[in-house]
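Participant: Here's a structure for you.
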Amino acid sequence: MVMLIDPTPEEVEEFVKHVKYNDKGKGVSIVKGVKVHRRKSGEVVFKAVRRMQDHTYTETYYTFNDALAAYQRLVEQHTWTTGRLIDLTGQKFGHLTVLNRAKSRYKTQSYWVCECDLDGNKVVVSSKNLRRGRATTCGQHQADHLKKYHEREREESKKYGTVIDTLTRKISKNNKTGTKGVYMLHEKDGRVKYKAEIGIGRQKKQGSKYDRLEDAIKERNLMEEKYFDPVLEKAKEDKPKDHDRK
């Protein structure tokens, strides 16, 4: 099919009629930067596509005019820089300040020496990762923080038999009952049951199955009182006072 030039609504409608479903997800270009896709359900969508040297920007719309406007916006936001080096010296990306360009054997991409203001470390980062926000620190600060976190976890596990954070963790977004530690079970006969369980350290305590959600919630609360509350109370007593930390 031949692309159109400044098509009218009638021409767009006629063009769309001839677009068929493609199981590989390929669309048909109606004008430069806009493709028409017919989904398996028969629904038609328009995609604005802006191809760059190392990335393709795509946005999906239900009308041709919206997709065309989106393509024009993408053109303004993302312009070609082939053959022209963008000097990042002095610019700051998160905690990284670009000092100078680094030597690289790659001709298609530039690399930069950056200094991290968190710990003063220097690191070499590609311009692509800097400009897209993929690199904002040298990584050492996160590594040190993670190391301290794991050390604290080991200390708590040895002292309390569990990690305190796991006892106060928020409810999972996949939970369908609205109560932490209470789950919905579908029996073979089609009936729905509710069950409470609780984990403390490496042990998991199972509750009974109930027909009513309220009963499972009640058992879960009793489990927390029995297994969680004593540990949380002891951790609260062991927590250093404010004046001890100064």
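Participant: With label points built 7 Å along Cα→Cβ from the Cα atoms of Arg51 and Arg152, find their separation and express it in nm.
Facilitator: Between Arg51 and Arg152, the label points sit 5.0 nm apart.
Participant: Only sites in a loop by DSSP and with at most 10 other Cβ atoms within 10 Å count here; which trypsin sites (Lys or Arg not before Pro) in region 1-56 make the cut?
Facilitator: Working: sites: Lys17, Lys20, Lys24, Lys26, Lys32, Lys35, Arg38, Arg39, Lys40, Lys47, Arg50, Arg51; in loops: Lys20, Lys24, Lys26, Lys32, Arg39, Lys40.
Hits after loop and neighbour filter: Lys20, Lys24, Lys26, Lys40.
Participant: Still on this model: Treating cross-link reach as a plain straight distance, find the lysines whose alpha-carbon is under 17 Å from the alpha-carbon of Lys24, omitting any fewer than eight places away in the same chain.
Facilitator: Result set, ordered by chain and number: Lys35, Lys40, Lys47.
Participant: If contacts are Cα pairs under 8 angstrom and at least 6 residues apart, what is the relative contact order of the chain in percent?
Facilitator: In percent, rounded to a whole number, it is 7.
Participant: Divide by every residue of the chain the summed helix terms, -39500 (n - 2.57) for each DSSP H run of at least 4, and state the resulting mean residue ellipticity at 222 nm, rounded to the nearest 500 deg cm²/dmol. Don't jump to the answer; show the numbers that get you there.
Facilitator: Working: 8 runs with 78 residues, N = 246.
Per the formula, -9000 deg cm²/dmol.
Participant: Within the chain, what's the longest run with no chymotrypsin sites (Phe, Trp or Tyr not before Pro) in a DSSP loop and at most 15 other beta-carbon atoms within 10 Å? Give the range, please. Could you put the intermediate results ahead of the total?
Facilitator: On the way: sites that count: Tyr21, Tyr62, Trp80, Tyr106.
After excluding every exposed loop site, the longest remaining stretch is 107-246.
Participant: Tell me the volume per residue, in Å³, of the convex hull enclosing the alpha carbons of region 9-77.
Facilitator: So the per-residue hull volume is 82 Å³.
Participant: As an exercise, identify the GluC sites (Glu not before Pro) in region 9-59 lying in DSSP coil whose Cβ has no more than 10 other Cβ atoms within 10 Å.
Facilitator: Glu43
Participant: Using the Kirkwood formula on the Cα atoms of the chain, what hydrodynamic radius do you get, in angstrom to one decimal?
Facilitator: One decimal place: 24.9 Å for the Kirkwood radius.
Participant: Largest first and to the nearest Å, give the Cα extent of region 92-138 along each principal axis.
Facilitator: 31, 19, 12
Participant: To continue, here is another question. For Glu237 and Glu214, compute 0.36 nm times the residue count separating them, minus their Cα-Cα distance, and round to one decimal in nm.
Facilitator: Here the answer is 5.0 nm.
Participant: Further, regarding this structure: Return the distance in nm (one decimal) between the two label points of a simple spin-label model at Ile86 and Arg131, each offset 7 Å from Cα along Cα→Cβ.
Facilitator: My value for the distance between the label points is 0.3 nm.
Participant: Return the subset of Lys170/Lys209; Lys180/Lys236; Lys20/Lys128 for which the Cα-Cα distance in this structure is over 30 Å, preserving the input order.
Facilitator: Lys20/Lys128
Each value in this text was obtained by applying a stated rule to the coordinates, not by laboratory testing. These figures come from a predicted structure and were not determined experimentally. Cβ coordinates were reconstructed from backbone atoms using ideal geometry, including for glycine residues, and neighbour counts include every protein chain displayed.
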